[in-house]
1. Kindly evaluate residue 181 against the criterion of being touching a strand residue (DSSP E or B) at 6+ places or on another chain (Cβ under 6 Å) and at pLDDT 95 or above.
2. Counting only residues that are crowded, with 18+ Cβ neighbours inside 10 Å and not in a strand (DSSP E or B), how many does the range 300-312 have?
3. In the range 246-278, which residues are out of contact with any helix residue (DSSP H, G or I) (no Cβ under 7 Å at 6 or more places or on another chain) and either closer than 30 Å to residue 31 by Cβ or not in a loop (DSSP other than H, G, I, E, B) (or both)?
4. Would the range 249-272 turn up any residue that is touching a residue at least 40 places away in the same chain (Cβ under 8 Å), buried (at least 19 other Cβ atoms within 10 Å of the Cβ) and within 18 Å of residue 60 (Cβ to Cβ)?
5. Do we find that residue 163 is within 14 Å of the chain's Cα centre (by Cα), buried (at least 21 other Cβ atoms within 10 Å of the Cβ) and modelled with pLDDT of 95 or more in this structure?
6. Is it the case that the range 318-327 has a residue that's within 20 Å of the chain's Cα centre (by Cα) and surrounded by 21 or more Cβ atoms within 10 Å (Cβ to Cβ)?
7. For the range 214-232, give me the residue count where each residue is touching a strand residue (DSSP E or B) at 6+ places or on another chain (Cβ under 7 Å) and buried (at least 16 other Cβ atoms within 10 Å of the Cβ).
8. If I go through the range 141-160 residue by residue, how many of them are in contact with a strand residue (DSSP E or B) (Cβ under 8 Å, 6 or more places away or on another chain) and either surrounded by 16 or more Cβ atoms within 10 Å (Cβ to Cβ) or assigned by TED's automatic domain parsing to the domain that holds residue 294 (or both)?
């Protein structure tokens with residue numbers, strides 16, 4: 001069974017397809033088998049192109065909820081470039097290369113709220129719109145034109161509750177292609193209750209692949225996910241450069257007697273959205289996670305994860321407690337199991353056993369990812 005290439009199924013349509021698969025012991029699948037060369041996971045040249053690609057596409061930097069108020073900012077490196085994203089005084093989002101125009105010192109660290117960005121080296125100060133506000137000992141800098149010494153901007157937009165940054169001349173719409181066809185992924189009523197960064201010695205693509213198929217549920221998650229879900233029963237959809245994989249729980253059966261248009265799937269399934277190239281959004285029973293995979297080297301990736309309340313739920317103490325419990329269960333079980341599997345694959349890359357990895361019909365979303373990545377890399381400008 002092939003899936004739609006435009007838009008996404010409604011919740012009711014998803015449940016109908018799930019019930020058909022349960023009844024016939026089938027699952028969504030694609031039409032192609034993809035052979036991904038193993039050297040694409042350890043080639044320095046290929047990795048350098050992938051990092052360059054992240055600079056030439058609009059890529060999610062953080063949820064809008066990370067900077068809800070004027071002056072709120074997030075500073076971190078993206079595709080190897082220090083950036084700072086801030087909510088400016090007019091309420092819009094601005095993004096800058098995080099480097100003072102005097103001698104390059106970063107002007108912001110981590111997260112916070114600021115009226116100005118002040119370099120901690122020599123005190124040069126910048127307004128929230130990036131313009132130069134103050135130079136100490138200005139008499140020592142004759143001829144410095146304030147208008148040409150503001151923070152260096154990069155393009156930033158808000159879409160679907162996410163902040164996208166584009167560092168260099170865009171060669172495509174990236175994850176934005178297809179987003180116009182679906183409802184907002186993140187909504188203003190969602191709040192962040194925790195976030196963290198971790199680093200793992202794995203290639204960034206291995207982690208993306210782990211999110212995009214359900215063939216491993218029984219073998220990798222025999223005591224965490226499988227008792228509540230199904231092995232190799234997924235709904236696979238693509239929208240633009242992106243994908244959605246639906247993982248149903250066994251308790252979804254109780255919706256069979258409910259009219260299709262009235263079915264509430266909250267708590268009955270997990271939606272995992274892959275936003276090309278390096279972001280995964282998982283809408284789980286009681287919380288939503290946003291994970292950005294930042295490639296560091298061919299064998300190292302930094303994961304930035306935001307955990308949020310679910311859309312449409314009140315942010316009261318009871319719901320927040322459920323969200324934290326849900327996130328804790330995932331962190332203590334499935335996430336660790338997937339991470340261990342990915343690390344083992346990374347080690348296996350050096351064995352020489354495989355010249356390519358084979359992604360089959362049930363791994364359609366991984367095929368879509370690699371096809372899109374290959375196609376987009378071909379559009380990279382030459383240095």
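The values are calculated or read from the model by the stated rules, or taken from the named source; none is laboratory data. Everything numeric here is computed off the predicted structure, so don't read it as measured data. All Cβ positions, even for glycine, are placed from backbone atoms using ideal geometry, and neighbour counts span all protein chains on display.
1. no
2. So the answer is 2.
3. 247, 249, 250, 251, 253, 254, 262, 270, 271, 272, 273
4. Yes; the residues of the range 249-272 include at least one that is touching a residue at least 40 places away in the same chain (Cβ under 8 Å), buried (at least 19 other Cβ atoms within 10 Å of the Cβ) and within 18 Å of residue 60 (Cβ to Cβ).
5. When the stated conditions are applied, residue 163 passes them.
6. yes
7. The total comes to 4.
8. 5
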